[in-house]
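A short worksheet on the structure shown next.
Just so it is clear, none of the values below were taken in a lab; they were calculated from the coordinates. Just so you know, these numbers come straight off a predicted model, no measurement behind them. Note: ideal-geometry Cβ built from the backbone for every residue, glycine included; neighbour counts use all protein chains shown.
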């Protein structure tokens, strides 16, 4: 959700700079800064930003630099002259010093609140739309890089899952051997049929067939959601939680050091995916 867009407009008497910056956020949070004369258009600006950006912490700035003779601030000559007259009755001083004091007093400078010129606003609004287009393009470029990173990490998870599947028969055989050795070490005779039943029950507790299937399905679903045209950042977050749940279960059931090493690698890849999901719209 990070992005940046800027447009500069040169009007006959003023220079308008429009900036849009966005950072990651679960929701849309817009902070707007602009001269007071444009505040009546703030709601329309916010609606336009929400339509294009959807999520993120967005800073919108509209700066105005007067380049011509046009200004909304005027010196109130009558008031200033009256201040100087009254100041002469209080203190001695030349006119320049008295003027410096008078200009700081209330109402010495009057600010006319001009109405927005609709033709001018049309130009400014087009500039805002241009800045929005730039920030959207920026986000899309970032998103393309992010998508490839997700695909690479999901591929890594799939490869690790294949290693888990390949290793599973060896793991089960290892569990069987440890149990047999444990029985042999206590040098007690056991009912072979009963022992086999208990062995099957014990091994079933460590069976990860369902977890392997669900994890593979979740990884495929992640890719499907990633390739969708919709904004699926939150959805991808939910899927990643399900992926993590299956990985954790495989880890807790594995009871086999080589497989647990694979699980640690899978958790590391998933954690990196979750970190990057904060950038996904």
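Full-extension gain between residue 206 and residue 267, please, as 0.36 nm times their residue separation minus the C-alpha to C-alpha distance.
On the way: separation 61, 0.36 × 61 = 21.96 nm, distance 1.96 nm.
So the extension gain works out to 20.0 nm.
A simple spin-label model places pseudo-atoms 7 Å from Cα toward Cβ; at residue 130 and residue 103 they are separated by 3.6 nm. Counting other Cβ atoms within 10 Å as a rough exposure proxy, the listed residues 273, 103 run 103, 273 from fewest neighbours to most.
Taking the square root of 5 times each eigenvalue of the Cα gyration tensor, what semi-axes in Å does the equivalent ellipsoid of the range 89-174 have, largest first?
Numbers: eigenvalues 1084, 116, 18 Å².
Taking √(5λ) for each Cα gyration eigenvalue gives 74, 24, 9 Å.
Taking the chain as a Gaussian network of alpha-carbon nodes connected by springs under 10 Å, the highest mean-square fluctuation of the residues 48, 244, 93 belongs to 93. Legend: P(r) of the range 1-156 from all alpha carbon pair distances, 5 Å bins from 0, whole percents, reading 2, 8, 14, 14, 11, 9, 9, 8, 7, 6, 5, 3, 2, 1, 1, 1, 0, 0. Taking 51, 253, 181 in turn, the Gaussian network model of the chain (Cα-Cα springs below 10 Å) assigns the largest fluctuation to 181. The angle separating the long axis of helix 192-205 from the principal Cα axis of greatest extent in the chain is about 10 degrees. In plain terms, the residue of 176, 55, 139 with the fewest other Cβ atoms within 10 Å comes first and the most crowded comes last, giving 176, 55, 139. Report summary: the helix-based calculation at 222 nm, which adds -39500 (n - 2.57) for every DSSP H run with n ≥ 4 and divides by the residues of the chain, gives -22000 deg cm²/dmol. What is the ratio of the Cα radius of gyration of the range 1-46 to 2.2 N^0.38 Å, where N is its residue count, to two decimals? Cα Rg divided by the expected 2.2 N^0.38 Å: 1.36.
Tell me the relative contact order for the chain as a rounded percent, counting alpha carbon contacts under 8 Å between residues six or more apart. All intermediate terms of the calculation are to be shown ahead of the outcome.
Details: 306 pairs, mean separation 55.6, N = 281.
Averaging sequence separation for qualifying contacts and normalising by length gives 20 percent for the chain.
Ordered by the count of other Cβ atoms within 10 Å of each Cβ, fewest first, 156, 78 give 78, 156. Angle, helix 118-185 long axis vs. longest principal axis of the chain, Cα atoms, 0 to 90°, nearest 10? On a 0 to 90 degree scale, this one is about 20.
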